[in-house]
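The values are calculated or read from the model by the stated rules, or taken from the named source; none is laboratory data. As the structure is a computational prediction, the values presented were derived from the model and not from experiment. Cβ: placed from backbone, ideal geometry, glycine included. Neighbour counts: every protein chain shown. Just the protein is used for accessible areas: all its heavy atoms, side chains included, with ligands, DNA and RNA removed. Shrake-Rupley method; radii C 1.70, N 1.55, O 1.52, S 1.80 Å.
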Amino acid sequence: MGLLARYARLLPLTAATPAVNLEEGNTPLIPLPRVGERLGVELWGKFEGCNPSGSFKDRGMVLAVAKALEEGARALICASTGNTSASAAAYAAAAGVPCFVLLPAGKVALGKLAQALMYGAAVVAVKGNFDKALELARQAAETLGCAMVNSVNPYRLWGQRTGAWEICESLGEAPDWHAIPVGNAGNISAYWAGYREYLQLGRASKTPRMMGFQAAGAAPLVTNEPCPSPETVATAIRIGNPVSARLARAAVSESGGEFNSVTDEEILAAQRLLAAKGGVFAEPASCAPLAGLLKLKEAGRLPQGIKVVMVLTGSGLKDPDTAMSQVGRPVEAGDSLESLLTVLKPVSQ
Ligand code: AN7
């Protein structure tokens, strides 16, 4: 069952809302005991890479596209660091409406670009960063009369609350800490709204501390000023002027959380650790929280024994180039057992 059917009573649906569905949501909350041991906490990863387009964006996109269709939209538009465009293009394809996507030229991971093109979106590479592309998309939406499906669209954040609801259902309670990467700052805001709602409904008895993690080269919520030239290997969160900054600041201060930044090296080390010790391959942006938790542990600032959920926002398959730049190549062998054993022996000893 997709999210609109599953959470019909908690989402703003009417009799006229079309039943858009790619079986999004219901993603696994994966126990990560070997990584958790290193941190001294009970660690879980909400693996959003299992969504149909491979990222958490599908949670909000399904609702945004359904409402756009309900309101008579004939085309969709978004700017994106990659995942929003993949998601928008997928739902537009399924619904049979055209989709325009504006991407920062040369700064979108290969898998995401392949997705947007395969789903049949009209893809435009804009000379400039995401923040510029978003500004242009807003202007074009108005001029062309397209439905804007970036997170400035309130239905996006509403749909993304479902992630918090699922975590509470899986654990039977909210976690102590919720660790999440922050780019345009929509997801952290949506999760906070979702946790508060479940507290009010009596489906959880507490809310977690919201711990937001940014890349050091794109950390406007840590430095408290817009970042004019954001730069990071985690291209998903290469954003200098987050649209939902105000909501995200409120989420962090109301929950007793924090924003912290991590370097690209720390992000990539965390990505390798998560894959090699957790068995989960997540994209670089998704590993900023683990990098941050490792750093807080080093500094003696990670309470021991607590329950921590990290949102692994996108699949590692989205960005094969960054993965391959960190690992070796396969060892070569001929087609005989003898030649195979010469290469396997050093490994098995
Ligand atoms: C994997 O696709 O902004 O703080 O245009 O793709 O809610 O922006 C992506 C963001 C984290 C940050 N992890 O979430 C886009 C886009 C991944 C992401 C974020 C994004 P927000």
(message) So, in region 317-349, exactly how many residues are open to solvent by 50 Å² or more (accessible area, probe 1.4 Å), closer than 30 Å to ALA236 by Cα and small (Gly, Ala, Ser)?
(response) 2
(request) For residues that are within 13 Å of the ligand (Cβ to nearest atom) and among the polar types (S, T, N, Q), scanning just region 173-215, find the one that is nearest to VAL262 (Cα to Cα). (result) GLN214
(request) Enumerate the helices (runs of 4 or more DSSP H) found wholly within region 86-204, keeping only those where 2 or more residues are under 16 Å from the mean Cα position of the chain (by Cα) and within 26 Å of ALA288 (Cβ to Cβ). (result) 110-118, 154-160, 162-171, 186-200
(request) Hey, can you tell me all the residues within region 50-81 that are of a type in the set (S, T, N, Q) and touching a helix residue (DSSP H, G or I) at 6+ places or on another chain (Cβ under 7 Å)? (result) ASN51, SER53, SER55, THR81
(message) Testing ALA245 on (1) in contact with a strand residue (DSSP E or B) (Cβ under 6 Å, 6 or more places away or on another chain); (2) farther than 16 Å from PRO284 by Cα, one condition comes back false. Which one is that?
(response) (1)
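Okay, residues lined up against (1) surrounded by 24 or more Cβ atoms within 10 Å (Cβ to Cβ); (2) under 30 Å from ALA299 (Cα atoms):
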{"residue": "GLY45", "(1), (2)": "yes, yes"}
{"residue": "GLY60", "(1), (2)": "yes, no"}
{"residue": "LYS67", "(1), (2)": "yes, no"}
{"residue": "GLU70", "(1), (2)": "no, no"}
{"residue": "ARG74", "(1), (2)": "no, no"}
{"residue": "CYS78", "(1), (2)": "yes, no"}
{"residue": "ASN83", "(1), (2)": "yes, no"}
{"residue": "ALA86", "(1), (2)": "yes, no"}
{"residue": "ALA89", "(1), (2)": "yes, no"}
(message) aromatic (Phe, Trp, Tyr), at pLDDT 95 or above and surrounded by 21 or more Cβ atoms within 10 Å (Cβ to Cβ): which single residue out of PHE213, PHE281 fits that description?
(response) PHE213
(request) Please give the number of the condition ASN150 fails out of (1) over 20 Å from LEU3 (Cα atoms); (2) within 15 Å of the ligand (Cβ to nearest atom); (3) in contact with a helix residue (DSSP H, G or I) (Cβ under 9 Å, 6 or more places away or on another chain). (result) (1)
(request) Pull up region 153-172, narrow it to residues that are touching a strand residue (DSSP E or B) at 6+ places or on another chain (Cβ under 8 Å) and away from the ligand (no atom under 14 Å from the Cβ), then point me to the one that is nearest to MET1 (Cα to Cα). (result) GLU166
(message) Every residue in region 272-293 that is under 14 Å from the mean Cα position of the chain (by Cα) and not charged (D, E, K, R), please.
(response) PHE281, ALA282, PRO284, ALA285, SER286, CYS287, ALA288, PRO289, LEU290
(message) I want to confirm something. Restricting to region 74-85 and keeping residues that are within 13 Å of the ligand (Cβ to nearest atom) and part of a strand (DSSP E or B), which single residue is nearest to ALA285 (Cα to Cα)?
(response) ALA79
(request) Output the residues belonging to region 190-210 that are of a type in the set (A, V, I, L, M, F, W, C) and surrounded by 24 or more Cβ atoms within 10 Å (Cβ to Cβ). (result) ALA190, TRP192, ALA204, MET210
(request) Return the only residue of GLY36, GLY40 being open to solvent by less than 20 Å² (accessible area, probe 1.4 Å), more than 16 Å from the ligand (Cβ to nearest atom), out of contact with any helix residue (DSSP H, G or I) (no Cβ under 6 Å at 6 or more places or on another chain) and over 27 Å from TYR7 (Cβ atoms). (result) GLY36
(message) Anything in region 246-261 that is within 15 Å of the ligand (Cβ to nearest atom) and exposed (fewer than 14 other Cβ atoms within 10 Å of the Cβ)? List them, or say none.
(response) ARG246
(request) Grab the helices (runs of 4 or more DSSP H) fully contained in region 241-349, keeping just those with 2 or more residues being free of Cβ contacts under 8 Å to residues at least 12 places away in the same chain. (result) 245-255, 264-278, 337-348
(message) What pairs come out if I take residues in region 122-144 that are within 20 Å of LYS112 (Cβ to Cβ) and pair them with residues that are open to solvent by 70 Å² or more (accessible area, probe 1.4 Å) and in a strand (DSSP E or B) whose C-beta lies under 6 Å away, six or more apart or interchain?
(response) ALA122/PHE100
